[in-house]
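Trainee: My questions all concern the structure below.
The values are calculated or read from the model by the stated rules, or taken from the named source; none is laboratory data. Nothing here was measured: the structure is a model prediction, and the numbers come from that model. Cβ atoms come from the backbone with ideal geometry, glycine included; neighbour counts cover every protein chain shown.
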Amino acid sequence: MGIVVLTMKASVIEMFLVLLVTGIHSHKEMAKKSKRPKFTVPQINCDVKAGKITNLEFIVKCPAGCQESKYHVYGTGVYASCSSVCGAAVHSGVLDNSGGKILVQKVAGQSGYKGSYSNGVRSLSLPRWRESFIVSESQPKKGVTYPSTLTYSSSKTPAAKADETTKAYQKPSVPGTTAQPVTLMQVSADQEAEAAHTTWAKSSLLAPSSSSSPRPQPMGRRSWDTGETDLQKPQPALLDTGFLPKEELSTQALEPVSQGDPNCQVDLLFLIDGSSSIGKRRFRLQKQFLANVVQALDIGPSGPLMGVVQYGDSPATQFNLKTHMNSRDLTAAIEKITLRGGLSNAGGAISFVTKNFFSKANGNRSGAPNVAVVVLDGWPTDKVEEASRLARESGINIFFITIEAAIENEKQYVVEPNFANKAVCRTNGYYSFNVQSWFSLRKTMQPLVKRICDTDRLACSKTCLNSADIGFVIDGSSSVGTGNFRTVLQFVANLSKEFEISDTDTRIGAVQYTYEQRLEFGFDKYHTKADVLNAIKSVGYWSGGTSTGAAIHYALEQLFKKSKPNKRKLMILITDGRSYDDVRIAAMAAHQKGVITYAVGVAWAAQDELDIIATHPARDHSFFVDEFDNLYKSVPKIIQNICTEFNSQPRN
Ligand SMILES: *[C@@H]1O[C@H](CO)[C@@H](O)[C@H](O)[C@H]1NC(C)=O
Ligand SMILES: *[C@@H]1O[C@H](CO)[C@@H](O)[C@H](O)[C@H]1NC(C)=O
């Protein structure tokens, strides 16, 4: 909890202050009404999300029938506040489908809400949210007064009092923002929190030079479910022409060349569709879209840099990251791009990008995340899923914008159904946009720009390599021998090297065993790849018997018990012989605790035992090599299987 609080965004803290104010306020309200004879429990519908209610702690009554899948729930135990309150209560087992009273408590936002299936409700995973809540049975705590009317963050809900809502969402900490009650009341708690977050992180984007001019009304609406986000400052006029309004353009022309928006340091590539079928007219709309993005981004050496690759039959780099290093030059260069023609080989183009584009020679900067936005007319003529996975694993954050996707009777032509969702990270459409028509593409511009620049959330590239606690269980028995033991350590190091290692990414731990077991280092001992590799190298060979079952038990106790709840738990056990004790019960315990277990056997290792230790299906988790010198061969296969398993988990 301490860590969570420490890492809370300023915006979230702000949100809490705001909630606190509301809390105090409704407290007063309560005091006024204290003559009321008894506390009546407020009632809500199944679809009410916790984020809509601003009270920090309350008892509510849920109706029957909240088990339905249409009420979205995110998380397990601790739920993101964009979840249905009653749905979460059913999921957590506090409530059954016949409804009843529950106690709800708001807690800090988290990263890594884990989805699960429980009590008839499937909850979804979510990488991060700004506020959470927990539900429990409605045992009122002594000394706590529970509100008998709830405060809602939207004026549309009749129960919410207009003045309360306004007060709650004034943001004194945002400079230059005069409170606009009417506007503010049109946004829900979630939307407002999002706006607050964005304003804090990206003030340059959302408070453009023309901040003195009144904001157009109404404010952008945001619908979480579709992932569509309109920016706070809609610019209908300029969007029509595709360029900034004249007065903004002319002031820009007088300014010295921009160094770029320092809050958006990304190396960005647009992979644009140059197939024959797109036609000249749509191609022009595509270029206009790019120009809009460029204007919104404020390109420069200290901000975002952008290149363009056009694909048809084959891909070609139009210009790389350092060819044009300001918005004006880029806009001119985009205007000059001509249509290549051919098929729509997006997959080949993505592979090309993975191999060639983000090189140092092309202007790739260390420290700036790599982002590739794939623009696609209809559907690709080759496969994109695998190419995208490899791109993501090489660290490229992939966005897909599909325009005029295949309609029902065209779906037969699509090589990989649902490709756009499978090609990107599994995060509720955060990385993919589905656009109805080329004429509505411009609406995608602002949300896209916002996501590209939200570098904190661009953590999903190497997904399968950055979210695990990996415990190695190393056989140090006498039969291994000193030389081979070094090879085993090299193997452990080679596997570890593949992962992003840090406190928040993957963590590594190791246990060595003979008859006995010892903890070489736990998950929280080392925080960098260099330290982990050093620690592996320094493991001393023990020599003794082989009690593999006991070693697994020991690893569960000493390593995995201290694993973080939102991490995948992976155990990689390496042994060269049959165990002296039974491995069955230990293996079962590991599987039951959700530890994905890989068994790697060398020389005299028993295949049947490896298969018992390994997570099902054994063919994906059990490996055997005849000699230590061949261990290296299984490294890529193990890594690939870890990633395949990660990517094939149910998509949200
Ligand atoms: C480009 O830079 C990023 C860091 O910003 C780095 O992770 C990546 O490996 C680099 N790519 C190449 C091909 O050098
Ligand atoms: C580990 O990687 C090094 C360098 O790539 C390679 O030479 C060695 O054979 C590998 N060893 C094992 C056991 O994987």
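Trainee: Got a number for residues in the range 496-526 being surrounded by fewer than 23 Cβ atoms within 10 Å (Cβ to Cβ) and within 16 Å of ligand 2 (Cβ to nearest atom)?
Mentor: Total satisfying the criteria: 3.
Trainee: Still on this model: With the requirement that a residue be within 16 Å of ligand 1 (Cβ to nearest atom) and within 23 Å of R281 (Cα to Cα), what does the range 316-331 give you?
Mentor: T317
Trainee: Another question, then. Can you name every residue in the range 614-633 that is in contact with an Asp or Glu (Cβ under 8 Å, 6 or more places away or on another chain) and either outside the structural domain of G483 (by TED's automatic domain parsing) or not hydrophobic (A, V, I, L, M, F, W, C) (or both)?
Mentor: Result: D620, S622.
For (1) touching an Asp or Glu at 6+ places or on another chain (Cβ under 9 Å); (2) in a loop (DSSP other than H, G, I, E, B), each residue gets a yes or a no:
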| position | (1), (2) |
| --- | --- |
| K569 | yes, no |
| I574 | yes, no |
| S579 | yes, yes |
| M588 | no, no |
| G601 | yes, no |
| I612 | no, no |
| V635 | yes, no |
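Trainee: Here's something else I'd like to know. Filter the range 591-623 down to the residues that are aliphatic (A, V, I, L, M) and within 19 Å of A468 (Cβ to Cβ) and list them by number.
Mentor: V595, I596, A599, V600, I613, A614
Trainee: While we're on this one: Considering only residues that are within 8 Å of ligand 2 (Cβ to nearest atom) and closer than 21 Å to S467 by Cα, which ones fall in the range 624-646?
Mentor: V635 - this is the single residue of the range 624-646 that is within 8 Å of ligand 2 (Cβ to nearest atom) and closer than 21 Å to S467 by Cα.
Trainee: Still on this structure, I have one more. Search the range 393-406 for residues that are part of a helix (DSSP H, G or I) and pair each with any residue that is aliphatic (A, V, I, L, M) when their beta-carbon atoms are under 7 Å apart and the residues are at least 6 apart or on different chains.
Mentor: Filtered contacts from the range 393-406: E393/L465.
Trainee: Would you check if D475 is at pLDDT 95 or above, touching a Ser or Thr at 6+ places or on another chain (Cβ under 7 Å) and not β-branched (V, I, T)?
Mentor: yes
Listed here are the residues, each with its yes/no results for (1) surrounded by fewer than 19 Cβ atoms within 10 Å (Cβ to Cβ); (2) over 23 Å from S277 (Cα atoms); (3) more than 16 Å from ligand 1 (Cβ to nearest atom).
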{"residue": "N397", "(1), (2), (3)": "no, yes, no"}
{"residue": "I401", "(1), (2), (3)": "no, no, yes"}
{"residue": "E416", "(1), (2), (3)": "yes, no, yes"}
{"residue": "F439", "(1), (2), (3)": "yes, no, yes"}
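Trainee: Being assigned by TED's automatic domain parsing to the domain that holds N630, surrounded by 21 or more Cβ atoms within 10 Å (Cβ to Cβ), modelled with pLDDT of 95 or more and not β-branched (V, I, T) is the requirement here; does D531 meet it?
Mentor: It is false that D531 is assigned by TED's automatic domain parsing to the domain that holds N630, surrounded by 21 or more Cβ atoms within 10 Å (Cβ to Cβ), modelled with pLDDT of 95 or more and not β-branched (V, I, T).
Trainee: If we keep just the residues of the range 496-518 that are out of contact with any helix residue (DSSP H, G or I) (no Cβ under 6 Å at 6 or more places or on another chain) and not in a loop (DSSP other than H, G, I, E, B), which is farthest from ligand 1 (Cβ to nearest atom)? Before the answer, list the steps.
Mentor: At the first step, the residues of the range 496-518 found to be out of contact with any helix residue (DSSP H, G or I) (no Cβ under 6 Å at 6 or more places or on another chain) are 497, 502-507, 509-510, 512, 514-516, 518.
Now drop any that are not not in a loop (DSSP other than H, G, I, E, B), which leaves 497, 506-507, 509-510, 512, 518.
Values: K497: 14, T506: 16, R507: 20, G509: 25, A510: 26, Q512: 33, R518: 36 Å.
So, considering only residues that are out of contact with any helix residue (DSSP H, G or I) (no Cβ under 6 Å at 6 or more places or on another chain) and not in a loop (DSSP other than H, G, I, E, B), the one farthest from ligand 1 (Cβ to nearest atom) is R518.
Trainee: Another question about this same structure. Residue check: is A391 within 16 Å of ligand 1 (Cβ to nearest atom), touching a helix residue (DSSP H, G or I) at 6+ places or on another chain (Cβ under 6 Å), more than 16 Å from Q310 (Cα to Cα) and not β-branched (V, I, T)?
Mentor: For A391, the condition - within 16 Å of ligand 1 (Cβ to nearest atom), touching a helix residue (DSSP H, G or I) at 6+ places or on another chain (Cβ under 6 Å), more than 16 Å from Q310 (Cα to Cα) and not β-branched (V, I, T) - is met.
Trainee: In the set D267, D273, which member is in contact with a Lys or Arg (Cβ under 8 Å, 6 or more places away or on another chain), of a type in the set (D, E) and within 26 Å of E385 (Cβ to Cβ)? Spell out the reasoning first.
Mentor: Working: D273 fails: in contact with a Lys or Arg (Cβ under 8 Å, 6 or more places away or on another chain).
The match here is D267.
Trainee: If you don't mind, another one. If the requirement is being assigned by TED's automatic domain parsing to the domain that holds E416, away from ligand 2 (no atom under 16 Å from the Cβ), at pLDDT below 95 and not in a loop (DSSP other than H, G, I, E, B), which of these qualifies: A296, A368, A316?
Mentor: A296
Trainee: Just the residues that are within 9 Å of ligand 1 (Cβ to nearest atom) and among the hydroxyl-bearing types (S, T, Y), please, taken from the range 332-370.
Mentor: Result: T354, S359, S366.
Trainee: Turning to a different aspect of this structure: Would you list the strands (runs of 3 or more DSSP E) that sit entirely within the range 45-124 and hold 1 or more residues that are out of contact with any helix residue (DSSP H, G or I) (no Cβ under 6 Å at 6 or more places or on another chain), surrounded by fewer than 24 Cβ atoms within 10 Å (Cβ to Cβ) and touching a residue at least 60 places away in the same chain (Cβ under 8 Å)?
Mentor: Per the criteria, 57-62, 100-113.
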